[in-house]
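Asker: Sharing a structure, written as structure tokens. Questions coming.
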Amino acid sequence: MQEFFMDYGLWLLIALLVVIGLVFLLSGKGKSAAVDDPAPVAPPVAAEPIAEPVVAPLVATPDPVPVAEPVIAEPVVVEPVVEETPAPAPVVEPAPAPIPASPAVAAPSDGTDDLLKLKGVGPKLGALLTELGVTRYAQIAGWSDSDIAAIDAKLGNFKGRPVRDQWIDQAKYLAAGDIAGFEAKYGKI
């Protein structure tokens with residue numbers, strides 16, 4: 001049965017479309033014949049003859065009324081009034097002040113630590129932390145939740161990294177100089 005439809009299916013479809021077309025055309029003929037036969041109409045009633053209109057003769061006026069000549073106005077060119085507004089002063093954002101990590105832990109002035117040793121801190125993030133005033137492991141080790149929130153808000157695309165990469169725990173090991181403990185937990189530096 002399936003082979004029959006595979007071999008003759010296209011012909012069956014064409015035949016079906018032809019039958020549908022014929023039914024459509026024949027059903028349309030019956031309706032148009034009913035429309036073409038007009039309904040009986042009453043014979044026209046004889047109309048009364050129409051009287052011709054009476055045209056009054058033209059009467060000449062003694063004084064002709066003068067006709068004013070049309071006045072052509074010249075176009076008026078209006079230039080738009082443009083008020084000069086002073087250019088807005090450029091908005092200068094103040095450079096972000098270094099954020100101390102915690103009031104209890106201030107950055108010692110004797111140097112900086114290599115923040116790239118922290119797992120998850122690359123060159124761009126290290127430069128961003130330096131711009132924010134974070135230069136020592138001791139600073140990061142002393143961060144509180146509010147400090148993390150303040151720094152995290154300024155990290156832009158790196159938002160969420162301090163918590164996800166456990167910077168505080170890493171910084172505690174590195175600030176204490178416990179390289180062996182750091183490598184045991186976070187891998188080789």
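Asker: Somewhere in region 131-150, is a residue part of a loop (DSSP other than H, G, I, E, B), of a type in the set (Asp, Glu) and surrounded by 13 or more Cβ atoms within 10 Å (Cβ to Cβ)?
Answerer: no
Asker: Just for region 99-130: of the residues that are open to solvent by 50 Å² or more (accessible area, probe 1.4 Å) and of a type in the set (Val, Ile, Thr), which one is modelled with the lowest pLDDT?
Answerer: 112
Asker: If you take the residues of region 151-171 that are farther than 16 Å from residue 139 by Cβ and of a type in the set (Gly, Ala, Ser), which of them is modelled with the lowest pLDDT?
Answerer: Top of the filtered list is 156.
Asker: Sticking with this structure for a sec: What pairs come up if the first residue lies in region 1-16 and is hydroxyl-bearing (Ser, Thr, Tyr), the second is assigned to a helix (DSSP H, G or I) and at pLDDT below 85, and their beta carbons are under 7 Å apart, counting only those six or more places apart or on different chains?
Answerer: none
Asker: Here's a follow-up. Go through region 169-187 and give me each residue that's surrounded by fewer than 17 Cβ atoms within 10 Å (Cβ to Cβ) and either of a type outside the set (Gly, Ala, Ser) or not in a helix (DSSP H, G or I) (or both).
Answerer: If the condition is that a residue be surrounded by fewer than 17 Cβ atoms within 10 Å (Cβ to Cβ) and either of a type outside the set (Gly, Ala, Ser) or not in a helix (DSSP H, G or I) (or both), then 169, 177, 178, 179, 183, 185, 187 are the ones that fit.
The values are calculated or read from the model by the stated rules, or taken from the named source; none is laboratory data. Treat the numbers as computed from the prediction; the structure is a model and nothing was measured. Positions of Cβ are generated from backbone atoms using ideal geometry, with glycine treated the same way; all protein chains shown enter the neighbour counts. Accessible surface areas use protein heavy atoms only, side chains included; no ligands, DNA or RNA. Shrake-Rupley method; radii C 1.70, N 1.55, O 1.52, S 1.80 Å.
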